[in-house]
Amino acid sequence: MTISLSQLHPAFIAGTLGQGGAERQLYYILKALKESGADPCLICLTQGEYWETPIRELGIPVIHAGASPSRSSRLMKIMRILKSLKPDIIQSQHFYTNLYASLAARVIGAREIGAIRNDVTSEVRSNGRLLGNLSLKMPRLLAANSRAAIRTAAGLGVPLSRIFYLPNAVDTELFHPAQQRNDDGGGVKIVSAGRLTEQKRFDRLLRIVDKLRNLTAVEFKVSIYGMGELSQSLEEMAAAMGLQPFVEFRGLASDPREVYEQADIFVLTSDWEGTPNVVLEAMASGLSVVATAVGDIPEIIDHGQSGFVYDRQNEAAMAAKLAELIENRNLRVQTGRTSCKKMEDCYSLQHLPHVLQELYQKVIR
């Protein structure tokens with residue numbers, strides 16, 4: 001039997017609605033479902049965060065279920081909510097909410113979809129061996145946003161038949177090349193963005209900048225957007241290295257387009273990823289991207305054509321490529337145009353309803 005998205009009444013469970021990539025993708029999914037005639041709802045463990053208002057404005061109810069710090073109390077509340085809502089599908093948006101979705105689905109007789117949002121290994125580790133492995137193995141179907149994570153999950157014993165590739169999408173109407181970049185001085189503008197945590201390795205970016213300043217005489221500036229537990233230590237590291245003329249910490253962007261619209265180059269230096277939204281957004285914005293070869297980045301970026309991908313330990317090569325891009329405007333423009341076209345062809349929101357159709361067909365069959 002072929003299902004229609006308009007027939008579905010899915011309930012989503014999210015751990016947070018903060019300014020993260022998983023939360024942006026949740027908004028895209030809910031919007032696509034609503035526009036297709038589905039009747040989704042959302043249960044969240046947090047309250048009053050960034051994406052809650054935009055989701056409510058779609059006409060989708062957001063129900064808070066995280067008042068208690070006790071996992072068992074949260075689970076009981078989620079089950080009570082879901083019993084009253086009677087959804088046909090319960091979908092987790094974060095790895096650490098997979099168990100809530102799986103257990104609730106078994107109690108109320110619904111079908112569940114778990115989430116893999118990163119590289120699997122870090123997700124299992126951060127949830128503890130027992131809960132991490134249960135979160136990976138219990139869902140009857142997992143939606144993973146990277147093929148690299150699918151390979152890792154399969155290596156840990158999850159049958160491929162229980163994993164579905166749900167790629168991240170990018171809003172190419174929101175993120176697109178600026179018609180004209182303002183030349184307000186300051187030379188070539190390089191940006192990076194993400195949570196200032198161990199995973200993102202902004203310390204690596206600072207070391208790359210330290211090398212870069214000795215490789216080119218062309219003026220450049222690196223803007224880092226984001227907040228996190230390493231904010232202070234990274235600023236102290238930059239000061240100790242004498243990088244203040246080259247690096248600025250901008251905090252959270254009030255408008256996500258602010259990160260890319262006046263930039264020339266985007267850099268990602270993470271140790272692990274799934275499919276990072278910031279890379280998709282930078283490419284859709286027509287930037288040349290230099291990134292570490294983690295997660296699905298080697299599949300997203302065609303090295304030498306739509307960007308440049310390097311082993312995460314090869315800081316010297318990343319610095320050298322950035323120096324080349326700083327000095328070669330034509331190379332920046334050419335790779336930026338190619339990356340923008342790839343986002344339009346392969347990752348735009350117009351593909352999302354079809355992929356969701358396949359996902360829900362698989363879970364309901």
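Here is how the numbers come out for the structure above:
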read-out: Complete set of residues in region 123-149 that are within 19 Å of Trp272 (Cβ to Cβ) and either open to solvent by less than 10 Å² (accessible area, probe 1.4 Å) or not in a helix (DSSP H, G or I) (or both); value: Asn127, Gly128, Gly132, Ser135, Leu136, Leu142, Ala143, Ala144, Asn145, Ser146, Ala149
read-out: Criterion (over 24 Å from Asn118 (Cα atoms), among the polar types (S, T, N, Q) and at pLDDT 95 or above) met by exactly one of Thr16, Thr53, Thr2; value: Thr53
read-out: Subset of region 309-365 [free of Cβ contacts under 8 Å to residues at least 60 places away in the same chain, touching a strand residue (DSSP E or B) at 6+ places or on another chain (Cβ under 6 Å) and of a type in the set (A, V, I, L, M)]; value: Val309, Ala317
read-out: Among the residues listed as Asn127, Asn98, Asn118, the single one being modelled with pLDDT under 95 and touching a helix residue (DSSP H, G or I) at 6+ places or on another chain (Cβ under 6 Å); value: Asn127
read-out: Hits in region 96-121 (condition: open to solvent by 10 Å² or more (accessible area, probe 1.4 Å) and either out of contact with any Gly (no Cβ under 8 Å at 6 or more places or on another chain) or not charged (D, E, K, R) (or both)); value: Tyr96, Leu99, Tyr100, Leu103, Arg106, Val107, Ile108, Gly109, Arg111, Asn118, Thr121
read-out: Count of residues meeting criterion [part of a helix (DSSP H, G or I), open to solvent by less than 50 Å² (accessible area, probe 1.4 Å), within 26 Å of Val309 (Cβ to Cβ) and out of contact with any Phe, Trp or Tyr (no Cβ under 9 Å at 6 or more places or on another chain)] in region 341-365; value: 1
read-out: Some residue of region 237-257 being within 22 Å of the chain's Cα centre (by Cα), surrounded by 19 or more Cβ atoms within 10 Å (Cβ to Cβ) and among the small types (Gly, Ala, Ser); value: no
read-out: Unmet requirement for Tyr260, which otherwise passes all of (1) at pLDDT 95 or above; (2) open to solvent by 50 Å² or more (accessible area, probe 1.4 Å); value: (2)
read-out: Matching entry among Ala319, Ala284 (being within 26 Å of Arg195 (Cβ to Cβ) and in contact with a Phe, Trp or Tyr (Cβ under 8 Å, 6 or more places away or on another chain)); value: Ala284
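The values are calculated or read from the model by the stated rules, or taken from the named source; none is laboratory data. Quantities reported herein were computed from a predicted structural model and do not represent experimental measurements. Note that we place each Cβ from the backbone using ideal geometry, even for glycine, and neighbour counts take in every protein chain shown. Side chains are part of the model used for accessible areas, which takes the heavy atoms of the whole protein and leaves out ligands, DNA and RNA. Shrake-Rupley method; radii C 1.70, N 1.55, O 1.52, S 1.80 Å.
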